[in-house]
Amino acid sequence: MRFQGTVRYFRPELKGGLAVVNIPRAVTDELGGLKQMRVRGKLNGLDFNSNTMPAGGGVLALSLSRKLLSSVGLEVGDEVDVELQRA
């Protein structure tokens, strides 16, 4: 499954902390719904392993570590191409 999204802070009011990208509803449904799960895929072409997590309001988010973001040269606010599947 492929999609594009914007890197954002999980808790934007803190202006820091965990970075995530929202997973579109169609991809969420195909993964198995709004629940935490292990996933793997490619972020701007780089292989990664991570987790999804419910982000409130019917949204599933993909957790992005600082190390992963740094590896692909991304920051909060950047657009990203994601390829994703359950691990």
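When Gly41, Gly33 are checked against the criterion of being farther than 16 Å from Arg8 by Cβ and free of Cβ contacts under 8 Å to residues at least 40 places away in the same chain, a single residue qualifies: Gly33.
If you filter segment 10-28 down to residues that are over 13 Å from the mean Cα position of the chain (by Cα) and open to solvent by less than 90 Å² (accessible area, probe 1.4 Å), you find that the one that is nearest to Arg86 (Cα to Cα) is Ala26. Return the residue satisfying two criteria in turn: it lies in segment 14-28 and is under 22 Å from Ser70 (Cβ atoms) and part of a loop (DSSP other than H, G, I, E, B), and of such residues it is modelled with the lowest pLDDT. Checking each candidate, the answer is Lys15.
The number of residues in segment 30-41 that are more than 19 Å from Asp81 (Cα to Cα) and open to solvent by 50 Å² or more (accessible area, probe 1.4 Å) comes to 3. Restricting segment 62-87 to residues that are assigned to a strand (DSSP E or B) and closer than 16 Å to Gly16 by Cβ leaves a set whose member that is most open to solvent (accessible area, probe 1.4 Å) is Ser63. Here Leu46 meets the list (1) open to solvent by 40 Å² or more (accessible area, probe 1.4 Å); (2) out of contact with any helix residue (DSSP H, G or I) (no Cβ under 9 Å at 6 or more places or on another chain) almost entirely, failing just condition (2).
The values are calculated or read from the model by the stated rules, or taken from the named source; none is laboratory data. Keep in mind that this is a model prediction, so the values were computed, not measured. All Cβ positions, glycine included, derive from the backbone under ideal geometry; neighbour counts span all protein chains shown. When the accessible area is computed, the model is the full protein with side chains, heavy atoms only, and any ligands, DNA or RNA have been set aside. Shrake-Rupley method; radii C 1.70, N 1.55, O 1.52, S 1.80 Å.
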